[in-house]
Every structure is written in structure tokens, then in C-alpha cells.
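Since every read-out is calculated from the coordinates, none of them should be taken as a lab result. From a predicted model like this one, the values you see are computed outputs, not experimental measurements. Here the Cβ is made from the backbone with ideal geometry for all residues, glycine too, and neighbour counts use every protein chain on show.
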Amino acid sequence: MVGVPVRVRRFPPHSARKDNRQSDVYRYQEITLLFRAMDPEQQHDFSLAPMSWQNAVGSVLVVRDDGKDMTPQQVEALCYYNLQHTTDMFQDACEHLSLTGSNMEMVKLVGLFTPQKFGEFFAEFKAKKMEEDASWMSAVSPV
């Protein structure tokens, strides 16, 4: 929705790892949220990722579907746009639906997922990351 077509391949945890029994070790909420349902008409599923992405995701490989290069910083920014920047808004939209029966807030929220809005977020995110990590100086938006 932000103009970056991605494909993600899961690599589930190896069964020999002794930390496999810890339920949250391989959860990776950041990646899971890339698969949120974004159709306001499907209100019962709105903002939820499929169950297959909610438990023991394991390691993942993320590539652009259009064949363009993608850096780890770009993947991080995409994930955090969904996680940090919009999670409260998703919760507010769902609460608004339960209180009023209207999906108007969901429709507004979907409107935030545009290439322009992501570009604005990326500029702010990059500035914050550069304070801690000089490698971000050369980072460019994937949009």
C-alpha cells in the first residue's frame, strides 16, 4: 500500500534449537504486521494478520517483488511504520467501530498508507536512527 511490493519467505525455527519451547522467541511482530488486513469492509479481520503469521514465524527473507534492491534499513523502516507509527491508530479505529458501529476511522487509517505518507515517515525515522547509527546516513527510502 505504500508503494513497495514485497515477498516474504519464512524459515521456521529448527527443531533442534533448545529455545523452541519459548513461545515468544520467534514471534517477530514487526514482520507479522506487514500482513495486516486493510479492508475496512472486512471489519472482523481489520488490522489482523493471518494466524499463520502470528505464531513462531521464525527467520524471514524479505525481497522486493519488482526486482529492485532492498536494504535491511528499508525493511526495518517498513516494519516499524506498521508497528510504531500506526499501532495506536489501528486500536483507535477498532474502538471507534465497537462504540459507534462506523468504520469511518478505518477508512481514514487506510488513507495513511500511501507512498507520500511513508516517505514523510521514512525521513523522520532516518533522522532518529542516524543519531545512534552512522550507517543510516546513506539510507534511502524504498519508495
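Each of Gly111, Gln73, Val62 was scored by the projection of its Cα onto the charge dipole of the chain, and the greatest displacement toward the positive side belongs to Val62; charges sit on the C-beta of Lys, Arg, Asp and Glu. Based on C-alpha pairs under 8 angstrom that are at least 6 apart in sequence, the chain has a relative contact order of 29 percent. For Lys126, the aspartates and glutamates whose Cα comes closer than 19 Å to its Cα, not counting residues fewer than 8 places off in the same chain, are Glu30, Asp69, Glu76. In order along the stretch 114-125, the Karplus-derived 3J(HN,Hα) couplings, from 6.51 cos²θ - 1.76 cosθ + 1.60 at θ = phi - 60°, round to 10, x, 5, 5, 5, x, 5, 4, 4, 4, 5, 4 Hz, and Gly and Pro are given as x. Applying both filters, DSSP loop and at most 14 other Cβ atoms within 10 Å, to the trypsin sites (Lys or Arg not before Pro) of the stretch 68-121 gives Lys68.
Computed from the Kirkwood radius of its Cα pairs, the Stokes-Einstein diffusion coefficient for the stretch 6-138 at 20 °C and 1.002 mPa s stands at 129 µm²/s.
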